[in-house]
Amino acid sequence: MSSSTTASVSTHILDTSVGRPAPGVAVRISARAGRDADWQPLGGSATDADGRCKDLPALPEGATHVRLDFAVEPYFDSERAEAGQDAPAHRDDGRGAFFPEVAVTFAVVPGEHYHVPLLLNPFGYSVYRGS
C-alpha cells in the first residue's frame, strides 16, 4: 500500500488491564493535506480477535496529518457484561467508560508506514509509534 507518494497506517489495541488484545473496537480514520485543511473521513474498520486493524483505508496522496478515532466505550461495556461481575465504575455515576473515545492525531510523510498501537485500560491510555 505504501508508495513514494502516500503514507500507510496500521494499528492495534492491547487492553493492559487484562493483558490481552481488545477485539471488536471500531476505528475510524481521517486525513488532511496541511495543518489548515479540513479533515477528510476515509472510513474505518474494527479490531480483530488479535486486536489488530489490518484493513484501514489507504491514505490519499498529499496527506500530511492522520487522525484515528477509537470507539472504546462499547468495548468496555461488553467486557463488563462478558465478565459477569461488578466491574469498577468507570465514572463517578457508574455508567459508561471514563474515556468513551480516544482520538489520536499524528503527522505523516509520503512513503512511510505508521503503526500506532493503543495501550488501553478503563482509566487511561497511551499511544506510540510502533514498527
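So the values come out like this:
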{"read-out": "FRET efficiency estimate (nearest 0.05) - Cβ-Cβ, Ser131 to Val18, R0 22 angstrom", "value": "0.35"}
{"read-out": "Neighbour-count order for Phe98, Phe76, fewest beta carbons within 10 angstrom listed first", "value": "Phe98, Phe76"}
{"read-out": "Spin-label pair Ala46/His115, simplified geometry with 7 Å Cα→Cβ offset, distance in nm", "value": "2.4"}
{"read-out": "Sequence of Ser30, Ser131 once ranked by neighbouring C-beta atoms within 10 Å, starting from the fewest", "value": "Ser131, Ser30"}
{"read-out": "Local net charge near Cys53, Cβ-Cβ under 13 Å (Lys/Arg +1, Asp/Glu -1)", "value": "-1"}
{"read-out": "Fewest-first ranking of Thr64, Thr5, using other Cβ atoms within 10 Å as the exposure measure", "value": "Thr5, Thr64"}
{"read-out": "Geometric extent, Cα atoms of segment 8-127 - Rg, Dmax (angstrom)", "value": "15.3, 48"}
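Taken together, the values in this text are just the output of simple stated rules run on the coordinates, not laboratory data. Remember, predicted model here, so these are calculated numbers, not experimental data. Every residue, glycine among them, receives a Cβ derived from its backbone with ideal geometry; neighbour counts consider all protein chains shown.
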